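S.K.: Next up is a structure, given as structure tokens.
The values are calculated or read from the model by the stated rules, or taken from the named source; none is laboratory data. None of these values were measured; they are calculated from a predicted model. The area values use the complete protein model at the heavy-atom level, side chains included, leaving out ligands, DNA and RNA. Shrake-Rupley method; radii C 1.70, N 1.55, O 1.52, S 1.80 Å.
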Amino acid sequence: METTLILTILILILIAILFVVVYLNQKTISKAKTKQILTKLNDLQMDIMSNESSVRRDAVIKLDNLLAKSLQYYYNNSLPCGDNLKKAKNIFKKKEYNDIWEVHKIRNNIVHNDYDIPQEEARKVYNTYKLSIIKIIK
């Protein structure tokens, strides 16, 4: 009888530990952080359509930073955007994932090669960042 009781208690403890581990590994972002990210995302929409290329370039860089911050909140770490993007492959469909890498490369081209992004391309870049960020934080 004691063996059955001890075994039952051990099983219950193991189940409780499993629930704690699952709870701690949940990828949730607080409502305050989510609201902050969405506000910044909406603020950048006007900049992305600017007639000034420097404003569009700055907006793309800020969008990439926002993606990086969203991924850091999601994974609860401080890794750079590229490192977290590699981890995020399972969050997105293949086309979405490839599109995110493409806009990240455009951001790198802006930063490293002084690329002047055309308005139409900037709009597409914004839409990709927006969809990916929303998918991460929701």
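S.K.: Given a cut-off of under 8 Å on Cα pairs at least six residues apart, what relative contact order in percent is computed for the chain?
M.R.: 32 percent
S.K.: Calculate for the chain the 222 nm mean residue ellipticity that helices alone would give, adding -39,500 (n - 2.57) per DSSP H run of length 4 or more and normalising by residue count, nearest 500 deg cm²/dmol.
M.R.: About -27000 deg cm²/dmol.
S.K.: Another question, then. What does the accessible area of residue 57 come to, in Å² to the nearest 10, when a probe of 1.4 Å is used?
M.R.: About 40 Å², rounded to the nearest 10.
S.K.: Another one. Tell me, what is the per residue accessible area of the chain in Å², probe radius 1.4 Å?
M.R.: On a per-residue basis, 67 Å².
S.K.: Find the all-direction average of the projected area of the Cα convex hull for the chain, expressing the result in square nanometres with one decimal place.
M.R.: The orientation-averaged projected area of the Cα hull of the chain comes to 10.4 nm².
S.K.: Pop out the carbon and sulfur fraction of the accessible area of the chain as a percent, whole number, probe 1.4 Å.
M.R.: 59 percent
S.K.: Could I ask something else about it? Where the centroid of each part is defined by its Cα atoms, how far is the range 31-76 from the range 78-97 in Å?
M.R.: Comparing the Cα centres of the range 31-76 and the range 78-97, I get a distance of 17 Å.
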